1. Please give the length that would be gained between ALA345 and ASP405 if that part of the chain were fully extended, namely 0.36 nm times their separation in residues minus their C-alpha to C-alpha distance (nm, one decimal).
2. Quick check on my link table: of LYS199/LYS351; LYS66/LYS372; LYS132/LYS351; LYS225/LYS372, which ones sit more than 29 Å apart, alpha carbon to alpha carbon?
3. Starting from 0.36 nm per residue, how many nanometres of slack lie between ARG246 and VAL418 once their C-alpha separation is accounted for?
4. Percent relative contact order of the chain, based on C-alpha pairs within less than 8 angstrom and at least six residues apart?
5. Sorting SER56, SER184 on the 10 Å Cβ count, fewest up front, what's the list?
6. How would you rank MET329, MET203, going from fewest to most other Cβ atoms within 10 Å of each one's own Cβ?
7. Of all DSSP beta bridges in segment 4-143, what percent run antiparallel (nearest 5)?
8. Taking the number of other C-beta atoms within 10 Å as the exposure measure, put LYS132, LYS14 in order starting with the fewest.
Amino acid sequence: MKNADWSGFFADAKALNQDDYIILDYYIECTGDPQIAAAHFCAEQSTAQWHRMGSSEDLRPTFAAKVIALDVLTAKKSCFSYDLGIHLDGDVHACRVRIAHPHGNFGARLPNLLSAVCGEGTFFSPAIPVVKLLDIFFPASYLAEFEGPQFGIEGIRDLLQIYDRPIFFGVIKPNIGLPPEAFSTLGYQSWLGGLDVAKDDEMLADTDWCPLEKRAALLGIARRKAELETGCPKFYLANITDEVDRLVDLHDIAVAKGANALLINAMPVGLSAIRMLRRHARVPLIAHFPFIAPFSRLPNFGIHSRVFTKLQRLAGCDAIIMPGFGERMQMSDDEVCANVSACLAPMGEIKRSLPVPGGSDWAGTLQNVYDKVGTVDFGFVPGRGVFGHPLGPKGGAASIRQAWDAIVAGVSLADYAVDHVELSAAMDAFGRKTAVNATPTDDES
């Protein structure tokens, strides 16, 4: 450390009271001495100036964010990862830095938390133009201030009476443009075929041509009819994403008319809005992922998507739809699995959220998702794989259930499709070559 004045922004993690700190992992690219840069980084997101002029006080012991680990990954890089349109003198160093940030600075307030760890002090720190928040960890004392999911995985399973397999969702399509009558017919057919959850698309709002009140009423009638015919509980997942001051009213309208789960785009409405809604909600809240990719997609800048997953769980989302496996979602398998883990890993007394990785799924991709998730505690959410099926939504939903039956039986999809016309039609329509054969181990069978 070249400047002793910055030593107050470093600490031995073992010497700290762990309950007082949130732990943050960042990737940074800086110029100059990485230790001085990291100290600036901590100062800017906490105390900044740590004493009054003419005073001997030092605010850092209680209020400063502190570096507890610093690892220089690459020293003296020739340039930053991105052309920033600015010039900074000196060699560029890529570093991993772990920071202990006292949560007493902002309390159990998600907007204030984000303002501290992802705000001006973080992304405008001197000599550090490239920053990515990789992960966030909360102590039990902080988690105790949050309600988290009201239902969680176990509650959703209890409502649907499903305990030994994934939860099968389907995105009703066409997603935009249909009147409520046509929309409800598609949902009804998918429930008859075996879907557990028929859902609005995340872009379907309370519009003049498909108002939420009428849509929820007709889907509610169709859902109850399907439940009687199949003997199985079903969810209609209505999208209530809107201006924040309408969320509670739209919740009440949708639930009163027949929706028994609600979809909300968590980041566009804000995590604080989710937390408010969770305190009012009488049904499960399922989050969708719009607005997350612009923050997370660049490998060395922004915020890792698992941070958003943890925050959505903390705010109270019972299930979290996230970018899934496959090329379309432009996310690595490791990152998808990190998001799944963020839903399922212990988090104090906060309930587990159901992870729902999705993107261009159909019966032939179910095995792949199951293998990579490594548990039945996930949701599977095809769109066209059900509603674009040659035999209609009923056949599309049936093909999903048949694919799961094949997995459980340890039979390849091709062999199982011989006696199951819906699965065979799905494979013909969506690609036999892309189907993953079911070859579970003995303990999975």
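Throughout, read-outs are computed from the coordinates displayed, never taken from laboratory work. This one's a predicted model, so the numbers in the text were calculated from it and none came from an experiment. Here the Cβ is made from the backbone with ideal geometry for all residues, glycine too, and neighbour counts use every protein chain on show.
1. Numbers: separation 60, 0.36 × 60 = 21.60 nm, distance 2.76 nm.
Length difference between fully extended and current span is 18.8 nm.
2. On the way: LYS199/LYS351 23 Å; LYS66/LYS372 36 Å; LYS132/LYS351 27 Å; LYS225/LYS372 35 Å.
As for pairs spanning more than 29 Å Cα to Cα, those are LYS66/LYS372; LYS225/LYS372.
3. The span from ARG246 to VAL418 would gain 56.9 nm if fully extended.
4. Values: 942 pairs, mean separation 64.4, N = 445.
Relative contact order of the chain: 14 percent.
5. On the way: SER56 6, SER184 26.
With the fewest neighbours first, SER56, SER184 line up as SER56, SER184.
6. Details: MET329 18, MET203 12.
Exposure proxy ranking, most exposed first: MET203, MET329.
7. 95
8. Values: LYS132 21, LYS14 7.
Going from sparsest to densest Cβ surroundings: LYS14, LYS132.
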